[in-house]
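Step one of this worksheet: look at the structure below.
The values are calculated or read from the model by the stated rules, or taken from the named source; none is laboratory data. Only a predicted model underlies this, so the values are computations on that prediction, with no experimental measurement involved. Heads up, the Cβs are rebuilt from the backbone with ideal geometry, glycines too, and the neighbour counts pull from every protein chain shown.
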């Protein structure tokens, strides 16, 4: 345990910030997991929101948020593709 007053204050701040960051990180991870499983527009939008909030609060880096969003949308696009009908040209 810290003995210096400033160190005690720093410890209190760290505990408080860790608790707040944990909330954002947990929400983000749950939203990502749900979006990867369901692959619906609503789930993807919730994940985007959670990622943006975590990046805004500096829980994760903004580039990491962008990378995860990119991978998420790529996954959703890949699974939502439907085979297109090929038209046969008459010669």
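The set of residues from the stretch 17-61 being closer than 12 Å to residue 72 by Cβ, surrounded by 15 or more Cβ atoms within 10 Å (Cβ to Cβ) and within 10 Å of the chain's Cα centre (by Cα) comprises 28, 31, 32, 35, 44, 46, 47, 48, 50, 51.
Return yes when residue 15 is under 19 Å from residue 64 (Cβ atoms) and modelled with pLDDT of 95 or more and no when it is not. Taking the combined requirement at face value, the residue does not satisfy it.
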